[in-house]
1. I'd like to check something: does region 262-279 contain any residue that is small (Gly, Ala, Ser), in contact (Cβ under 8 Å) with a residue 24 or more places away in the chain and either over 19 Å from Tyr49 (Cα atoms) or in contact with a helix residue (DSSP H, G or I) (Cβ under 7 Å, 6 or more places away or on another chain) (or both)?
2. Across region 113-125, what is the number of residues that are under 14 Å from Gly158 (Cβ atoms) and in contact (Cβ under 8 Å) with a residue 60 or more places away in the chain?
3. Inside region 36-58, can you point out the residues that are more than 15 Å from Leu84 (Cβ to Cβ) and β-branched (Val, Ile, Thr)?
4. Please determine, by comparing only the residues of region 1-50 that are under 14 Å from the mean Cα position of the chain (by Cα) and surrounded by fewer than 22 Cβ atoms within 10 Å (Cβ to Cβ), which one is nearest to Leu280 (Cα to Cα).
5. Where in region 194-299 are the strands (runs of 3 or more DSSP E), entirely inside, with at least 3 residues that are under 20 Å from the mean Cα position of the chain (by Cα) and crowded, with 19+ Cβ neighbours inside 10 Å?
6. Look through Ile224, Ile267 and report the one residue that is over 20 Å from Tyr41 (Cβ atoms), modelled with pLDDT under 95, of a type in the set (A, V, I, L, M) and in contact with a strand residue (DSSP E or B) (Cβ under 7 Å, 6 or more places away or on another chain).
7. Being free of Cβ contacts under 8 Å to residues at least 40 places away in the same chain and closer than 30 Å to Thr197 by Cβ is the filter here, so list the residues in region 76-112 that pass it.
8. Going through region 66-123 one residue at a time, which ones are over 30 Å from Val234 (Cβ atoms), among the aromatic types (Phe, Trp, Tyr) and out of contact with any Asp or Glu (no Cβ under 9 Å at 6 or more places or on another chain)?
Amino acid sequence: MQPQFRFQPIAFSWVALHPDPKGVIQFMGGAFFGSFPTLFYRYFLRQIYEAGYTIVALPFRFTFRHWSVAIALLEEQRVLRSALIDIAKRSGYAYEVYERSESYSWIGHSVGCKYIALLELLSDNSWQENTIACFESGRAKQTLQQINESPVDGGICGQRSLLMAPDISDTDSAIPKPIARIVDALGLGVQPNRRQTLCLIEQSHLFNLTAMISFHQDSIAGNIQAQDETKSDVVWLVRHLSDRDLPFVELPGKHLEPIGIRIGNSIVDLNPLDKFIVPLSRRKLESTVLMLLEKLKQR
């Protein structure tokens, strides 16, 4: 009998508990849509659940302080790990998988990918040296102090991650460019910004358990056909992580491809500026995600 796909609130997340899970997928979507992940990403999350995973949907939190979100995600994982074991035991479900850190994987979409990348960077034993190398002296000191005051406990070391249409955002990704320039000049913009984040990734020796999916018509994260890596996060990541054998697939679609709910035999993505509706038979995203997750398990 097919397990019942149903979300329940646990801590600050929405959890669909699988009775016999082979792993835990922690998902963070993009701005706005990611604030209501159980609605806008429902079809996507249901397919991953039915493939045998417990789903943790982490609502997107809008802020320019991205380090604080990454640190909060680590604390949320710590709380959830204990709660999942307790709830699974009470429900008569298998619970052993929740006791192993490597059973937890991350999937992000759009800006959600940046938070996952920051989690990976916090797992690096050299993160302090890398921060000094990538940040201006004043900002480096402030960042080191902020992270040192928060227990990171090894970050997400040993956990797999899958980035879909990664958007390593700057301030002007959230507000109009003229205003963004003023906000940045006042020191109130996105931290870390795109340049700093990409520098940290380049300095890091991690991201060996990371895979990526891009979309052919994506004008936000870019696509593999783009030539300018200063404007395409997809191109930058493919080029700079090539030495780590990055599993990478580009699919048809636009930036919001993961979003959608099922109506009959079609997917409706609730965004008339995108494809809006597409037959299920043409959707390849979920099968590609499951294939990449299995590929990462073999490492």
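1. At the first step, the residues of region 262-279 found to be small (Gly, Ala, Ser) are 264, 266.
Now narrow it down to the ones that are in contact (Cβ under 8 Å) with a residue 24 or more places away in the chain: none.
Checked against the condition, which is being small (Gly, Ala, Ser), in contact (Cβ under 8 Å) with a residue 24 or more places away in the chain and either over 19 Å from Tyr49 (Cα atoms) or in contact with a helix residue (DSSP H, G or I) (Cβ under 7 Å, 6 or more places away or on another chain) (or both), region 262-279 yields no hits at all.
2. As a first pass, look at region 113-125 and keep what is under 14 Å from Gly158 (Cβ atoms): 119-120, 122-125.
Within this subset, residues satisfying the condition of being in contact (Cβ under 8 Å) with a residue 60 or more places away in the chain are 120, 123-124.
Residues flagged as under 14 Å from Gly158 (Cβ atoms) and in contact (Cβ under 8 Å) with a residue 60 or more places away in the chain within region 113-125 amount to 3.
3. Correct list: Thr38, Ile48.
4. Among them, the one singled out is Phe33.
5. On the way: elements: 210-215, 248-251, 261-263, 266-268, 277-279.
Hits in region 194-299: 210-215.
6. Numbers: Ile267 fails: over 20 Å from Tyr41 (Cβ atoms).
Sole residue among the options that is over 20 Å from Tyr41 (Cβ atoms), modelled with pLDDT under 95, of a type in the set (A, V, I, L, M) and in contact with a strand residue (DSSP E or B) (Cβ under 7 Å, 6 or more places away or on another chain): Ile224.
7. Arg81, Arg100
8. Tyr98
The values are calculated or read from the model by the stated rules, or taken from the named source; none is laboratory data. Quantities reported herein were computed from a predicted structural model and do not represent experimental measurements. Because the Cβ atoms are built from the backbone with ideal geometry, glycine has one as well, and the counts that use them run over all protein chains shown.
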